[in-house]
Amino acid sequence: MKKYRAVLFDFDGTLIDTNGYIVDSWKYASEKIFGKMVFDVSYLATHFGTPLEFAVEETIKHYNIEGYSVEELCALYREYQKENPTKIGVPFEGITELLKELKEKGIKVGVVTSRTKPTTIAALELNEIDKYFDVIIAVEDTQIHKPLPEPALICCSRMGVDPEDALMVGDSKWDIACGNNAGCGSALVAWSFAQKAEGLEGVEKPDYVIEKAEEILKLCAI
């Protein structure tokens, strides 16, 4: 079994249970536009893990929304999060303990997210896990996003590790494809709200499915 010297974590739905927070942000935007929630949650989940601008652009097309630009709808979504920063969510079971042990064992740990850097850092600090991360790669760090490899490659470069020595852990096919495209190992978390492993093929197929956070330790060179 391959042993990794670095672990790259997606943020939303992987480290922190932000699923409800994301849905509430969409609900807020929908109510501002339509006066009620019209977005189907199962549809929204198909874009979890992508940059917000992309998700909003696709949603505008899907629902044929008129009178609102991508920028305006993004602003409504972010307005909810700006007004409710402490509602973002808490780490999934076992994540804090895992991060602590990875750090103690000398494994490099990074975040590779399509979220903005200020909100990512604020959430990590709120949950008192920011100290465990060596590198944070957010949407501002590259113009090329998941599922393409650049975010993972940038994170590996800043960590000083070869991609083949890093494991990308995420909750969506976008995360898995990003890791695989970069030449990293890939692991899909079983607690994913957005994605199940069944049916994933090709570059979207994970090398591993993680049932519990502690299982990641067995994949690391410790």
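Taken together, the values in this text are just the output of simple stated rules run on the coordinates, not laboratory data. Note that the structure is a prediction, hence the values are computed from the model and not measured. Please note: Cβ atoms are built from the backbone with ideal geometry, for glycine as well, and neighbour counts cover all protein chains shown.
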Cα long-axis angle, helix 70-83 against the chain (0 to 90 degrees, to the nearest 10): 70
The chain: angle of helix 150-159 to the longest principal axis, Cα-based, in degrees nearest 10: 40
Tilt relative to the chain, helix 117-126 - C-alpha long axis, 0 to 90 degrees, to 10: 70
Sorted by Cβ neighbour density within 10 Å, fewest at the top, the residues 39, 34: 34, 39
Most mobile listed residue (187, 29, 138) in the chain, GNM with C-alpha springs under 10 Å: 29
Candidates 86, 120, 18, ranked by Gaussian network fluctuation over the chain, Cα under 10 Å, top entry: 86
Within the stretch 59-150, GluC sites (Glu not before Pro) in DSSP loop having at most 15 other beta-carbon neighbours inside 10 Å: 66, 93, 128
Residue of 152, 75, 182 that the Gaussian network model of the chain assigns the largest fluctuation, springs spanning Cα pairs under 10 Å: 75
Karplus (6.51, -1.76, 1.60) ³J(HN,Hα), θ = phi - 60°, over the stretch 49-56, in Hz, Gly and Pro reported as x: x, 9, x, 4, 4, 5, 4, 5
